[in-house]
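The values are calculated or read from the model by the stated rules, or taken from the named source; none is laboratory data. Model, not experiment: these values are computed from the prediction. Note that each Cβ is placed from the backbone with ideal geometry, even for glycine, and that neighbours are counted across all protein chains shown. Quick note on the areas: whole protein, heavy atoms, side chains included, nothing else; ligands and nucleic acids left out. Shrake-Rupley method; radii C 1.70, N 1.55, O 1.52, S 1.80 Å.
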Amino acid sequence: MSTLRWRLVHWVWRSAAKSGVVTADTPAGRRFAAFGAESVIAFPPGTVFGEGSIAIGAGVLIGAQVTLSAGMVPGQDLGPLPVLRVGDRCVIGRGSHIVAHESVVIGDDVFTGPYVYVTDQNHGYADPDTPIGRQFPVNTPVRIGAGSWLGAGAIILPGACIGRNVVVAAGSVVRGEVPDYSVVAGVPARIVRRHDPADGWIRT
C-alpha cells in the first residue's frame, strides 16, 4: 500500500470516528429515553437497540463497539419506564455489553474496563428434556452502586447487587450481594478486601 493511500485511509477513519459519535443532539441520541448533556457514544458503536427504554445520564463516555440493548428484539414494548439506566459521569469501556430486559441500574461515577458484560437475564433450564436455548429465560434485576470500578472482562450476572465504591477485579464473575467499600475477585467473585472506618482496607 502506498503512503498516500495509507494516509487517506487513516484520514477517512479519523474523520468518520469524529463525525460518527452519538450525542444528545444527534438523531441517534434523540432516540434514547434520556441522553444527558455532554454524554458521548464513540464510533463505531456496537449493537444498540431498544433506545426508548435506555436512559443515559450526563457526562457519560461510552467507548467504541459497546453494545447497549433493552429487550429481546428491536421495537419490543417494555413499558413506559427505562429498563437500562446509566448514571452521570460513567465510563463504559470499549467492547462492553450491557443487556437489559427488566432492570439494570448503573449508579453515578461507575467506570468499567473493556469487554465487561452485564445482564439481568439468564436462560432457564427447569425442563431437562427441552433444549436450554428454547426454554423461557429468567430475569432478575441488577444494580451497580455509585463509584464502583469493574475491571476488564468482568461478568455481572442476573441478580447481582453491587454496593458503592466496589472494586471488581478483572475477569471476575459476580453474582448476589456485594457490600459497599469492598474488593471482590475470582470465579465466582469473593470478597478479598473490605474497608473498615477505623482500620482502613483489610484483607479478608
Answer from ARG134, ARG85, ARG89, ARG94 - the residue that is modelled with pLDDT under 95, more than 26 Å from ASP196 (Cα to Cα) and among the basic types (Lys, Arg): ARG134
Residue within the stretch 3-21 that is free of Cβ contacts under 8 Å to residues at least 40 places away in the same chain, in contact with a strand residue (DSSP E or B) (Cβ under 6 Å, 6 or more places away or on another chain) and among the polar types (S, T, N, Q) present: no
Some residue of the stretch 164-175 being among the hydrophobic types (A, V, I, L, M, F, W, C), over 22 Å from ALA55 (Cβ atoms), out of contact with any Gly (no Cβ under 9 Å at 6 or more places or on another chain) and at pLDDT 95 or above: yes
Scan of the stretch 150-161 for residues that are crowded, with 18+ Cβ neighbours inside 10 Å and under 20 Å from GLY63 (Cβ atoms), ordered by number: LEU150, GLY151, GLY153, ALA154, ILE155, ILE156
Some residue of the stretch 28-49 being loosely packed, with under 12 Cβ neighbours inside 10 Å, out of contact with any strand residue (DSSP E or B) (no Cβ under 7 Å at 6 or more places or on another chain) and not in a loop (DSSP other than H, G, I, E, B): no
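Can you tell me which residue is surrounded by the most Cβ atoms within 10 Å (Cβ to Cβ) among those in the stretch 169-204 that are hydrophobic (A, V, I, L, M, F, W, C) and under 23 Å from GLU102 (Cα atoms)? Give the derivation first.
Applying the first criterion (hydrophobic (A, V, I, L, M, F, W, C)) to the stretch 169-204 yields 169-170, 173-174, 178, 183-185, 187, 189, 191-192, 198, 201-202.
Of the ones still in play, those that are also under 23 Å from GLU102 (Cα atoms) are 173-174, 178.
Values: VAL173: 17, VAL174: 28, VAL178: 23.
Here the residue is VAL174.
Sort out which residues of the stretch 17-27 are in contact with a helix residue (DSSP H, G or I) (Cβ under 8 Å, 6 or more places away or on another chain) and either open to solvent by less than 30 Å² (accessible area, probe 1.4 Å) or part of a helix (DSSP H, G or I) (or both), and write them in order of number.
Within the stretch 17-27, the first condition is being in contact with a helix residue (DSSP H, G or I) (Cβ under 8 Å, 6 or more places away or on another chain), and the residues that meet it are 22-24.
Across the stretch 17-27, the qualifying residue is only VAL22.
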Wholly enclosed strands (runs of 3 or more DSSP E) of the stretch 61-130 bearing at least 2 residues surrounded by fewer than 15 Cβ atoms within 10 Å (Cβ to Cβ) and charged (D, E, K, R): none
